[in-house]
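All remarks here apply to the structure that follows.
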Amino acid sequence: MPQSEEGSRVVLKNASGFHYIRVCLVLQNQQTRLSAVELKQLIFTGLRSLYGEVGAAFPFDLLTFDEDTQTAVLRVLSRGLVRLWSSLTLLGSFQKEACAFRVLQVSPFLLSLSANSRDLELD
């Protein structure tokens, strides 16, 4: 932690206005595949059910979506990170089929989502 001349602590806040979340949707029937539009609608539904119409109006962006792996990268205002994350956690079904979101990575920097140290293979 940086110290100032008087010995007091200096706290540096994150200057980024956004957070990025890599999520994976796991469905009970592994053959079911959602499109990007269906995924975004599912997230809206989760926000609306937990936070009402005000929550459903909270802005987030679906930056990327891989239909094969059902993995997406979402961008949300930093002040809404907890709201979005909690609504994803509590979503439990899609068209009467059990589902769950797995949060894989969260960062205020999009570049840090480009690689996952857990998947790193060293020679």
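Based on what the data block shows, is Arg83 at pLDDT 90 or above, of a type in the set (Lys, Arg) and not in a strand (DSSP E or B)? Can you show your working first?
Working: at pLDDT 90 or above: yes; of a type in the set (Lys, Arg): yes; not in a strand (DSSP E or B): yes.
The answer is yes for Arg83.
With respect to (1) in a loop (DSSP other than H, G, I, E, B); (2) exposed (fewer than 11 other Cβ atoms within 10 Å of the Cβ), the lone exception for Ser16 is condition (2). The single condition among (1) exposed (fewer than 14 other Cβ atoms within 10 Å of the Cβ); (2) at pLDDT below 95; (3) closer than 16 Å to Val23 by Cβ that Asp61 does not meet is (2). Answer yes if at least one residue in the range 62-75 is under 15 Å from Lys40 (Cα atoms) and in a helix (DSSP H, G or I), and no otherwise. No, the range 62-75 contains no residue that is under 15 Å from Lys40 (Cα atoms) and in a helix (DSSP H, G or I). Exactly one residue out of Glu121, Glu67, Glu97, Glu53 is touching a residue at least 40 places away in the same chain (Cβ under 8 Å) and loosely packed, with under 14 Cβ neighbours inside 10 Å: that is Glu97. Can you say whether Leu50 is modelled with pLDDT of 90 or more, touching a helix residue (DSSP H, G or I) at 6+ places or on another chain (Cβ under 9 Å), part of a strand (DSSP E or B) and on the phi < 0 side of the Ramachandran plot, as far as the supplied structure shows? Judged against the criteria, Leu50 is not a match. Out of the residues in the range 66-79 that are of a type outside the set (A, V, I, L, M) and touching a helix residue (DSSP H, G or I) at 6+ places or on another chain (Cβ under 9 Å), state the one that is farthest from Gln30 (Cα to Cα). It comes out as Arg75. Taken residue by residue, the range 102-123 has no member that is within 27 Å of Gln28 (Cβ to Cβ), outside any strand (DSSP E or B) and in contact with a helix residue (DSSP H, G or I) (Cβ under 9 Å, 6 or more places away or on another chain).
Scanning the range 29-50 for residues that are within 17 Å of Thr89 (Cβ to Cβ), in contact (Cβ under 8 Å) with a residue 24 or more places away in the chain and out of contact with any Ser or Thr (no Cβ under 6 Å at 6 or more places or on another chain) yields Leu39, Leu42, Ile43, Thr45, Ser49. You will find that of Ser114, Ser87, Ser107, the residue that is surrounded by 13 or more Cβ atoms within 10 Å (Cβ to Cβ), within 15 Å of the chain's Cα centre (by Cα) and farther than 24 Å from Thr32 by Cβ is Ser107 and no other.
The values are calculated or read from the model by the stated rules, or taken from the named source; none is laboratory data. Keep in mind the model is a prediction, meaning the values are calculated, not measured. Note: ideal-geometry Cβ built from the backbone for every residue, glycine included; neighbour counts use all protein chains shown.
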